[in-house]
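Bear in mind these aren't lab numbers, they're just calculated from the coordinates by the rules spelled out. Here the structure is a predicted model, which is why all the values come from computation and not from measurement. Counting neighbours? That spans all protein chains shown, and the Cβs are built from the backbone with ideal geometry, glycine included.
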C-alpha cells in the first residue's frame with residue numbers, strides 16, 4: 001500500500017533532496033567535536049560561542065551551496081550563519097541537546113531547553129533532525145524513554161508538517177573498556193546492534209520520514225569494494241539487510257570517518273538502496289583541524305579539497321543512489337493526502 005504524504009511533508013522532502021530526488025546533505029551542526037578541538041588548540045574554556053559560531057559560518061560559506069540541504073544547530077550555528085545560508089538548499093535544524101543523561105543502563109537523549117518542533121517550523125526550516133543514542137540491549141527504562149521521545153517528535157513533525165530525520169547511533173555503555181562520550185564510531189560496535197536499532201524504529205507509529213544510519217560494520221574495516229572478494233560480499237550482506245528493514249528513505253552518516261572510509265560506506269549503502277548522505281566531518285574535518293584558527297586558510301582548503309570531495313560523492317550519489325520517492329513506501333509515485341476539491345477544508349490546521 002502506497003503511503004500518503006501531506007502537502008507539507010511532500011514539499012519539505014523535495015526541498016531536502018536535489019532535483020532528481022537524491023539527498024546530498026551537509027552537516028555543520030556538530031558541537032562537542034568543534035568545542036573540544038578549539039579547547040585543545042587554544043586552551044581550556046576558550047571555545048566561546050563566538051569562536052564556534054565563526055567556524056560554522058566559514059563551513060556554511062564554503063560548502064552549503066554544494067549540497068541539496070544543510071543541517072545546522074540553532075544555538076551556535078544558525079544565528080552566526082543565517083545570512084550566509086544560500087536560498088536554494090533545504091534546511092534542517094537540530095532538535096536535541098548535545099548533552100545527555102548517562103547511566104549504567106544506557107543514554108537518554110535530551111531536547112534542547114526551550115527549543116521545539118514548533119519553533120523549528122517558525123524558523124523556516126524544512127525538517128527536524130533528532131540524534132538518538134540507542135542500544136536495543138539497554139535498560140528497559142532507557143529504551144522506553146528513547147522510544148517515547150521519538151514518537152513524540154514524530155507526532156509533532158506530523159502536526160507541523162515538517163520532515164522528520166532520525167539519526168540512530170549505537171554507543172558504549174558507561175564503565176566498559178574504551179568508553180567515550182565523543183561523537184565517533186565506537187570500536188566495539190556490532191552489526192547486530194545497528195540492525196536491531198533500525199528494526200526497533202521501523203514502525204510507522206514513530207513518524208520517521210528519513211533515517212540517518214551508521215555503517216553496520218566499522219567504516220575503517222570495510223574492504224575496498226573493487227576487490228570483489230568474499231569479504232566484500234559479506235560486508236554487502238549487512239548493508240543489504242539493513243536496507244530491507246525500512247520502507248522509507250534512508251541516508252548514511254559519516255560519524256567522523258575519513259574521506260576514503262566514507263566513500264566505501266557510500267558504495268555499500270547505495271548498492272543496498274540508500275537515497276543519499278548526510279555527512280559533515282568526512283568533508284570538512286581535515287581543513288578545520290589543519291588550519292584553525294586561520295579561518296581564511298580553512299576556507300581556502302575547503303574550496304579545493306572539500307569541494308573536490310563533495311563533487312566526488314555527489315557524482316557517486318547521482319550514479320548509484322535511488323531517488324527518495326523510489327522507497328517502497330512510495331513506489332515511485334507519492335500520493336498526496338486530502339487532494340481534490342476538499343483539500344482546503346480537510347487539510348489540518350496547526351491547532
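Couple of notes before you dig in:
- Most simply put, the chain has about 15% antiparallel DSSP beta bridges, counting only bridges with both residues inside it.
- Oblate is the label for segment 41-110, because the ratio a/c of its alpha-carbon gyration tensor axes (a ≥ b ≥ c) is 1.5 or higher and a/b is not greater than b/c.
- Among 256, 127, 228: highest mean-square fluctuation, GNM of the chain, C-alpha pairs under 10 Å: 228
- As a proxy for reagent exposure, 238, 324 were ordered by neighbouring Cβ count within 10 angstrom, fewest first; the result is 238, 324.
- Cα-projected label distance for residue 144 with residue 241, points at 7 Å along beta-carbon direction, nm: 3.0
- Counted by neighbouring Cβ atoms within 10 Å, the residues 142, 251 run from fewest to most as 142, 251.
- GNM flexibility winner over the chain from 214, 96, 46 (Cα, springs under 10 Å): 46
- Among 167, 260, 234: highest mean-square fluctuation, GNM of the chain, C-alpha pairs under 10 Å: 234
- Segment 4-346: C-alpha pair distances exceeding 24 Å, %: 54
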